[in-house]
Amino acid sequence: MAGEEPEHLTQAARCQAQVDPLAALRAPGDPPWDVYLTGTVFLDIVFTGLDSAPVRGTESWARGMGSSPGGVANMATALARLGLRTSLAAAFGDDHYGEYCWDALARGEGIDLAPSRSVPGWHSPVTVSMAYEGERTMVSHGHEPPPEEPAPDFPPRARAAVASLAPGKRSPWIAEAARAGTRIFADVGWDETGAWDLAGLPGLGHCEAFLPNAAEAMRYTGADCPRAAAHALTEYVPVAVVTLGSDGAYAVDRRTGESAEVPAIAVEALDPTGAGDVFVAGFVTGTLAGWPLADRLALAGLTAALSVQEFGGSLSAPGWSEIGAWWRRVQSVPGQDPEALRRYGFLEGLVPEELDRPWPLRRAVPTIGFGRSA
């Protein structure tokens, strides 16, 4: 009924930060969800504090360790912590790992799992990630996924959806969601086939924005630099965003003629797991809020930088409390570059001076189950 919030939306609101970046845009009749996504949820076990890569035949001890939901959970959590009403379709194992991930996402983050399901007899995929020298090495294990796709043929109404494209793999829900008015944002992984053919990404034509990294963008376009690759990609999608690693990110919007480049924020990285997902979540948030391209890039880069200072993928994602604390702190640094401050000036009218969190953000812990409430 008009004017009434469903219980799942009320629960999500209780779990999210007090900043709603879409508050000024919300109106009766809006889709119930801001973002819909689907994919595989992993249990991530992350080791940090390694001095170097493990050496064959030796035992390495890590100075830090954290466990948290991973895979598509990274993106879902990052979106929810930025105040977006998020719905996720995924399969969960009926083991303790699956129960932990379900609880962390539904009860801990307020993410809608109505399109998801627990699969009897299927154990949760697991990834062990080792972070060292600013990079990571991962080992994953999982059985064949359940035969039925967790993504429904007709996804729930949402303002936006995030899709992970794969060469030659059709995901019918992408076209269905686009026809219903959902704005599709897509990332992509490394093309193991070596074809690097944009025509081989079936869902790309339905996308509003495509967000590859520099190496992927240059491979797909044949361009000799990431910025040229971004411009070439706008022949296929309206908005192209190319991440440049330690150099930041570059983006082009074909419809408005805008282009923007934002340098990376230098931080001491503890664990880069999930930083790319957090970047996409920040860009989606700024886009749905109607911000200029440069501000969208700045928020995406900032949230990704804040995330690498914590353990784990999903539970390292920052909320508005962390963003506000960072903004207040950088303004007080003596000799701060005024131009750098102006780049993030859009935060001034968004983040309150003091933000009290309705709940403490969960962080990855060594042993799952610590702090679990009845």
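Per the conditions (1) open to solvent by 10 Å² or more (accessible area, probe 1.4 Å); (2) within 20 Å of Val308 (Cα to Cα); (3) under 14 Å from the mean Cα position of the chain (by Cα), the sole criterion not satisfied by Phe42 is (3). Quick one: is Ala305 modelled with pLDDT of 85 or more and under 26 Å from Gly248 (Cα atoms)? Taking the combined requirement at face value, the residue satisfies it. When the range 40-90 is filtered for residues that are among the charged types (D, E, K, R) and either assigned to a helix (DSSP H, G or I) or in contact with a Gly (Cβ under 7 Å, 6 or more places away or on another chain) (or both), the ones remaining, listed by number, are Asp44, Arg63, Arg81. When we screen Thr137, Thr127 for residues that are among the β-branched types (Val, Ile, Thr), touching a strand residue (DSSP E or B) at 6+ places or on another chain (Cβ under 7 Å), in a strand (DSSP E or B) and modelled with pLDDT of 90 or more, the only hit is Thr127. Within the range 12-39, can you find the residues that are modelled with pLDDT under 90, open to solvent by 40 Å² or more (accessible area, probe 1.4 Å) and outside any loop (DSSP other than H, G, I, E, B)? Answer for the range 12-39, where residues must be modelled with pLDDT under 90, open to solvent by 40 Å² or more (accessible area, probe 1.4 Å) and outside any loop (DSSP other than H, G, I, E, B): Ala13, Arg14.
Can you tell which of Glu109, Glu99 is open to solvent by 10 Å² or more (accessible area, probe 1.4 Å) and among the charged types (D, E, K, R)? Answer to the selection: Glu99. When we screen Val237, Val252, Val242, Val284 for residues that are modelled with pLDDT of 95 or more, touching a Gly at 6+ places or on another chain (Cβ under 9 Å) and not acidic (Asp, Glu), the only hit is Val237.
The values are calculated or read from the model by the stated rules, or taken from the named source; none is laboratory data. Here the structure is a predicted model, which means the values were calculated and not measured. Virtual Cβ from ideal backbone geometry, glycine too; neighbours counted across all protein chains shown. Accessible surface areas use protein heavy atoms only, side chains included; no ligands, DNA or RNA. Shrake-Rupley method; radii C 1.70, N 1.55, O 1.52, S 1.80 Å.
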